[in-house]
Amino acid sequence: MNYKKFKLQNGLRVVIIPMPSLESATVTAWVRVGSRYESDRIAGISHFLEHMAFKGGKKYKSAREVSELVDSFGGEFNAGTHKHWTNFYVRARSENMEEAFDVLSDMLLAPLLKPADIERERGVIIEEIGMYEDTPIAKIGEIFEEVIHGKTDLGRDVIGTKETVLKINRQDFVEYRDKHYNSGNMLITISGGITESKAKLLAEKYFGGLKKGNKTSHSKFSATQKKPQALLKFKKTDQAHLILGFGGSGFGHKDRFIEFVLMTILGSGMSCRLFTEVREKRGLAYSIHGDIDKYIDTGYVSAYAGVAPAKVDEAIKVILGEFYKMTGGNHGISEQELNKAKEYIKGRTSLSLENTSSVNGFFGVRELLIEKIETPDQIFSEIDKVTVEDVSRLAKGLFGREKLNLAVIGPYKSQARFEKLLI
């Protein structure tokens, strides 16, 4: 999969990934700002501002006008907020890409931010916060981030709190946009059935007017953890939700390919070790899987499970056992298991890249955060180099008790109960 990268005259970076066989394309605008860049007072403003972009701009003056335009060419549009970035995309037939650029640029470059819209959307976000609070499978990730990152910008929820969302005002939006929404802090990715020449023309026409500026920064995370940590959130539920994991390395670390293989062996697919031990052999969980989360300066590996409240202790012990098994000489990783994990990574990556929105995500996050793009073929080549010895070495360094963290949501009163399980 080939790509082209260039800058507009105002310094805005543009990445184009032509996919000539497709009749559709996606344009995504990325802003290198998320919840990590917020002060405590305006926590949640990145996410709030994402919502406000859809409420109308200078040309399309209301949410209805925006949605009617996108519907008129059968397109789809959406956005997302992360701790490091906010993105907005429009996907459409290739012949409608000018309309896609038109509406996307209007939303981002000239949002009206009408007071009445702000108040209505404030209520929507309050309800969204309530929805997550009532959905443990969605909330547990935020609880885990709180325990592993503590009282830092990484430990805060992306969405903010009801208290901070209620206080954010129009002037906060104006100042925040003025600081972060500029050519040096943004990126455009375009993938699908569009030529390089047309993509360049549209990018210059619709984003060439973006004001110049510089990349903004956030505070650096420094891990200080020296012993296992647990955090319990009491909730009357019929199922306990838990995430157990270890602090790790940041985005772009030299061992990231080994880490992908390690966590695939442990927690990806229906034949991985966690699925086999926790679900198939013991029937402790319906949903069980491993995960990797990366930020610029830190990261972690983890396992999620939803289990019967009475079985939570056993599930934690079994999951921990599978992590620790990887650190000893009896890890039992065969060449067959190693190769299966490698092919799983390559297969799932290839399947995800059949969608142009995902293609933009694959290339966009790398360029936005570390300004270094790796193609799928380059990644596959590095994955193929990973050995059993590499996996064993990394597991020994990664799965130390001093890096262990546990988050639990369920009908329990004693956090000390769970802390004891980690010793």
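Looking at GLY267, GLY252 in this structure, which one is within 30 Å of HIS180 (Cβ to Cβ), touching a helix residue (DSSP H, G or I) at 6+ places or on another chain (Cβ under 6 Å) and not assigned by TED's automatic domain parsing to the domain that holds ASN10?
Details: GLY267 fails: within 30 Å of HIS180 (Cβ to Cβ).
Of GLY267, GLY252, the one residue that is within 30 Å of HIS180 (Cβ to Cβ), touching a helix residue (DSSP H, G or I) at 6+ places or on another chain (Cβ under 6 Å) and not assigned by TED's automatic domain parsing to the domain that holds ASN10 is GLY252.
Based on this model, can you work out whether GLU367 counts as surrounded by fewer than 18 Cβ atoms within 10 Å (Cβ to Cβ) and within 26 Å of the chain's Cα centre (by Cα)?
Working: surrounded by fewer than 18 Cβ atoms within 10 Å (Cβ to Cβ): no; within 26 Å of the chain's Cα centre (by Cα): yes.
Judged against the criteria, GLU367 is not a match.
Would you mind finding the one in TYR304, TYR295 that is aromatic (Phe, Trp, Tyr), assigned by TED's automatic domain parsing to the domain that holds GLU322, out of contact with any Pro (no Cβ under 6 Å at 6 or more places or on another chain) and more than 27 Å from ASN182 (Cα to Cα)? Give the derivation first.
Numbers: TYR295 fails: more than 27 Å from ASN182 (Cα to Cα).
Of TYR304, TYR295, the one residue that is aromatic (Phe, Trp, Tyr), assigned by TED's automatic domain parsing to the domain that holds GLU322, out of contact with any Pro (no Cβ under 6 Å at 6 or more places or on another chain) and more than 27 Å from ASN182 (Cα to Cα) is TYR304.
Any idea which of ALA63, ALA116, ALA92 is surrounded by fewer than 18 Cβ atoms within 10 Å (Cβ to Cβ), in contact with a helix residue (DSSP H, G or I) (Cβ under 8 Å, 6 or more places away or on another chain), over 21 Å from GLU38 (Cα atoms) and not assigned by TED's automatic domain parsing to the domain that holds ASP291? Before the answer, list the steps.
Details: ALA116 fails: in contact with a helix residue (DSSP H, G or I) (Cβ under 8 Å, 6 or more places away or on another chain); ALA92 fails: surrounded by fewer than 18 Cβ atoms within 10 Å (Cβ to Cβ).
Only one candidate passes the filter, namely ALA63.
Filtering segment 135-152 down to residues that are of a type in the set (Val, Ile, Thr) and not in a helix (DSSP H, G or I), which residue is farthest from ALA240 (Cα to Cα)? Steps first, answer last, please.
Let us first name the residues in segment 135-152 that are of a type in the set (Val, Ile, Thr), namely 135, 137, 140, 143, 147-148, 152.
Imposing the further condition that a residue be not in a helix (DSSP H, G or I) reduces the set to 135, 152.
Details: THR135: 12, THR152: 26 Å.
Out of the qualifying residues, it is THR152.
Taking segment 299-321, which residues are in contact with a helix residue (DSSP H, G or I) (Cβ under 8 Å, 6 or more places away or on another chain), closer than 21 Å to PHE257 by Cβ and either of a type outside the set (A, V, I, L, M, F, W, C) or modelled with pLDDT under 95 (or both)?
TYR300, SER302
What single numbered condition from (1) exposed (fewer than 15 other Cβ atoms within 10 Å of the Cβ); (2) of a type in the set (D, E, K, R); (3) under 26 Å from GLU204 (Cβ atoms) fails to hold for ARG32?
(1)
Just checking, does segment 328-345 include any residue being among the basic types (Lys, Arg), under 30 Å from ALA25 (Cα atoms) and at pLDDT 95 or above?
Scanning segment 328-345 turns up at least one residue that is among the basic types (Lys, Arg), under 30 Å from ALA25 (Cα atoms) and at pLDDT 95 or above.
If LYS83 meets every condition in (1) in a helix (DSSP H, G or I); (2) within 22 Å of THR216 (Cα to Cα); (3) among the charged types (D, E, K, R) apart from one, which number is that one?
(1)
Among (1) over 20 Å from ASP297 (Cα atoms); (2) in contact (Cβ under 8 Å) with a residue 60 or more places away in the chain; (3) surrounded by fewer than 14 Cβ atoms within 10 Å (Cβ to Cβ); (4) not assigned by TED's automatic domain parsing to the domain that holds ALA407, there is one condition GLN171 misses while meeting the rest; what is its number?
Against the list (1) over 20 Å from ASP297 (Cα atoms); (2) in contact (Cβ under 8 Å) with a residue 60 or more places away in the chain; (3) surrounded by fewer than 14 Cβ atoms within 10 Å (Cβ to Cβ); (4) not assigned by TED's automatic domain parsing to the domain that holds ALA407, GLN171 comes up short only on (2).
Looking only at segment 55-80, count how many residues are in a loop (DSSP other than H, G, I, E, B) and touching a residue at least 24 places away in the same chain (Cβ under 8 Å). Even if it seems obvious, please write down each step before you answer.
Applying the first criterion (in a loop (DSSP other than H, G, I, E, B)) to segment 55-80 yields 56, 58-62, 73-75.
Among the residues that remain, those that are also touching a residue at least 24 places away in the same chain (Cβ under 8 Å) are: 56, 58-61, 73, 75.
Here the count works out to 7.
Need pairs with beta-carbon distance below 8 Å; first residue in a loop (DSSP other than H, G, I, E, B) and within segment 400-419, second of a type in the set (Gly, Ala, Ser); sequence gap 6+ or separate chains.
PRO411/ALA240; TYR412/ALA240
If the requirement is being over 23 Å from MET1 (Cα atoms) and either assigned to a helix (DSSP H, G or I) or of a type outside the set (Phe, Trp, Tyr) (or both), which of these qualifies: ILE345, ILE333, ILE383, ILE379?
Details: ILE345 fails: over 23 Å from MET1 (Cα atoms); ILE383 fails: over 23 Å from MET1 (Cα atoms); ILE379 fails: over 23 Å from MET1 (Cα atoms).
ILE333 is the lone residue from the list that is over 23 Å from MET1 (Cα atoms) and either assigned to a helix (DSSP H, G or I) or of a type outside the set (Phe, Trp, Tyr) (or both).
Restricting to segment 4-54, name every residue that is assigned to a loop (DSSP other than H, G, I, E, B) and either of a type in the set (Phe, Trp, Tyr) or within 22 Å of the chain's Cα centre (by Cα) (or both). Spell out the reasoning first.
Start the filter on segment 4-54 by keeping residues that are assigned to a loop (DSSP other than H, G, I, E, B), which leaves 8-12, 19-23, 32-34, 38-39, 43-44.
Of everything in segment 4-54, those that are assigned to a loop (DSSP other than H, G, I, E, B) and either of a type in the set (Phe, Trp, Tyr) or within 22 Å of the chain's Cα centre (by Cα) (or both) turn out to be ARG32, VAL33, GLY34, GLU38, SER39, ALA43, GLY44.
Just to check your reading of the model, which residue among LYS342, LYS372, LYS317 is basic (Lys, Arg) and surrounded by 14 or more Cβ atoms within 10 Å (Cβ to Cβ)?
On the way: LYS372 fails: surrounded by 14 or more Cβ atoms within 10 Å (Cβ to Cβ); LYS317 fails: surrounded by 14 or more Cβ atoms within 10 Å (Cβ to Cβ).
Being basic (Lys, Arg) and surrounded by 14 or more Cβ atoms within 10 Å (Cβ to Cβ) holds for just one of LYS342, LYS372, LYS317, which is LYS342.
For segment 225-234, does any single residue satisfy the condition of being modelled with pLDDT under 95, exposed (fewer than 13 other Cβ atoms within 10 Å of the Cβ) and either under 23 Å from LYS7 (Cβ atoms) or of a type outside the set (Phe, Trp, Tyr) (or both)?
Our first condition is that a residue be modelled with pLDDT under 95; within segment 225-234, this holds for 225-226.
Subsequent filtering for residues that are exposed (fewer than 13 other Cβ atoms within 10 Å of the Cβ) retains 226.
Checking the rest, the ones that are also either under 23 Å from LYS7 (Cβ atoms) or of a type outside the set (Phe, Trp, Tyr) (or both) come to 226.
Scanning segment 225-234 turns up at least one residue that is modelled with pLDDT under 95, exposed (fewer than 13 other Cβ atoms within 10 Å of the Cβ) and either under 23 Å from LYS7 (Cβ atoms) or of a type outside the set (Phe, Trp, Tyr) (or both).
Pick from segment 350-376 the residues that are of a type outside the set (Lys, Arg) and assigned to a loop (DSSP other than H, G, I, E, B): which of them is nearest to LEU12 (Cα to Cα)? Let's see the steps before the verdict.
Residues of segment 350-376 of a type outside the set (Lys, Arg): 350-365, 367-371, 373-376.
Keeping just the survivors that are assigned to a loop (DSSP other than H, G, I, E, B) gives 353-355, 371, 373-375.
Details: LEU353: 25, GLU354: 27, ASN355: 25, GLU371: 13, ILE373: 16, GLU374: 20, THR375: 21 Å.
Here the residue is GLU371.
From the list ILE316, ILE345, which residue is over 24 Å from the mean Cα position of the chain (by Cα) and closer than 23 Å to GLY267 by Cβ? It would help to see each step written out before you state the result.
Numbers: ILE345 fails: over 24 Å from the mean Cα position of the chain (by Cα).
Selected residue: ILE316, the only one of ILE316, ILE345 that is over 24 Å from the mean Cα position of the chain (by Cα) and closer than 23 Å to GLY267 by Cβ.
Looking at (1) more than 13 Å from ASN10 (Cα to Cα); (2) outside any helix (DSSP H, G or I), find the lone condition where ASP172 falls short.
(2)
When ASN214 is evaluated against the numbered criteria (1) in contact (Cβ under 8 Å) with a residue 24 or more places away in the chain; (2) part of a loop (DSSP other than H, G, I, E, B); (3) closer than 30 Å to VAL124 by Cβ, which criterion, by number, is the only one it fails?
Going through the list (1) in contact (Cβ under 8 Å) with a residue 24 or more places away in the chain; (2) part of a loop (DSSP other than H, G, I, E, B); (3) closer than 30 Å to VAL124 by Cβ, ASN214 breaks only (3).
The values are calculated or read from the model by the stated rules, or taken from the named source; none is laboratory data. What you see is a predicted model; the values in this text were computed from it and never measured. Neighbour counts run over all protein chains shown; Cβ positions are idealised from the backbone, glycine included.
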